Amino acid sequence: MTSHGWIIPPQSTKRSIFRVASDYLLWMPPKLLLAALALATALPAVANAQVTSLDEGSFSLSRDGELTGHENFSIRSTPGARDRVIIARATVLTGTRRVDPILSADSSGFPVAYQSQVKVDGHEVQRYSGSTTGTHYASRAQIPDGESAREFRLLPGTVAVDDEIVHHLWFIARRGVGAVVPVLVPNRNVLEQVRVEGVGLERLRVDTRDLEVTHLRLVTLGTNVTRDVWLDTDGRLVKAKIPALRLDAVRDDR
């Protein structure tokens, strides 16, 4: 007998669910079997295509030439409700201090939500959260002594970059030489304008590799605070230097 075009195999007793499934495949009309096999083959590729790694790895962090910690991070593009969303997250370890930031942004880097937790010796000392509605950004910071809240009106093209989170600099650098980028600095609750300047093409030795890199300088307008970044030919951030924090970061993943 048939049901909705399927040929129902003869019934038998004491068969496992796997045997039943294989029987249905064997008795399935050829056209439906080919379609099912094609779908089964395509599904893993579709799942993998849904999440794209834009960059991920780790940095060795040093201050005044001495190794102080590591930053393990990932920047991935994932499907959103209407458009793709960038999710950037990290774990930054320096001594007994641990920072766990998670940034959600649209495909241009405009912040949708940001969270950060800071722990020292395993105890939470700060928690930050912020989210955007349209161009309106509202944040709340909590520390043991209390909490504070701020609200901002974000300019088009704004990106979120926390001071000590190295991989966040990628969001500024990707705009390219000559861009003036509005930057939200969550841990200081301020808005800044940062200009991307080109220093030149260089050859850089990272770990045991010799890389062709582009050296960019990020200049904060008004204060002239500078940060230098080096990008490889794939646009990955491989080195950063933040003089104001005496911080150097170099990729150590292979």
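The values are calculated or read from the model by the stated rules, or taken from the named source; none is laboratory data. What you see is a predicted model; the values in this text were computed from it and never measured. When we count neighbours, we look across all protein chains shown, and the Cβ atoms used for this are built from the backbone with ideal geometry, even at glycine.
From the list 162, 121, 145, 64, exactly one residue is under 17 Å from residue 187 (Cα atoms) and either surrounded by fewer than 16 Cβ atoms within 10 Å (Cβ to Cβ) or out of contact with any helix residue (DSSP H, G or I) (no Cβ under 9 Å at 6 or more places or on another chain) (or both). Which is it?
Criteria check complete, one pass: 145.
What strands (runs of 3 or more DSSP E) completely inside the range 84-176 contain at least 3 residues that are under 28 Å from residue 68 (Cα atoms) and in the same structural domain as residue 213 (by TED's automatic domain parsing)?
The strands (runs of 3 or more DSSP E) meeting that bar are 84-94, 97-106, 111-120, 123-133, 136-143.
Can you pull out the residues in the range 67-83 that are without any contact (Cβ under 8 Å) to a residue 24 or more places away in the chain and surrounded by fewer than 14 Cβ atoms within 10 Å (Cβ to Cβ)?
Passing the criteria: 67, 81, 82.
Among the numbered criteria (1) at negative phi; (2) small (Gly, Ala, Ser); (3) surrounded by fewer than 16 Cβ atoms within 10 Å (Cβ to Cβ), which single criterion is violated by residue 95?
Of everything listed in (1) at negative phi; (2) small (Gly, Ala, Ser); (3) surrounded by fewer than 16 Cβ atoms within 10 Å (Cβ to Cβ), residue 95 misses just condition (1).
Only one of (1) more than 21 Å from residue 231 (Cα to Cα); (2) modelled with pLDDT of 90 or more; (3) surrounded by 10 or more Cβ atoms within 10 Å (Cβ to Cβ) fails for residue 23. Which number is that?
(2)
Only one of 208, 223 is surrounded by fewer than 17 Cβ atoms within 10 Å (Cβ to Cβ), modelled with pLDDT under 95 and among the hydroxyl-bearing types (Ser, Thr, Tyr). Can you tell me which?
Exactly one residue qualifies, and that residue is 208.
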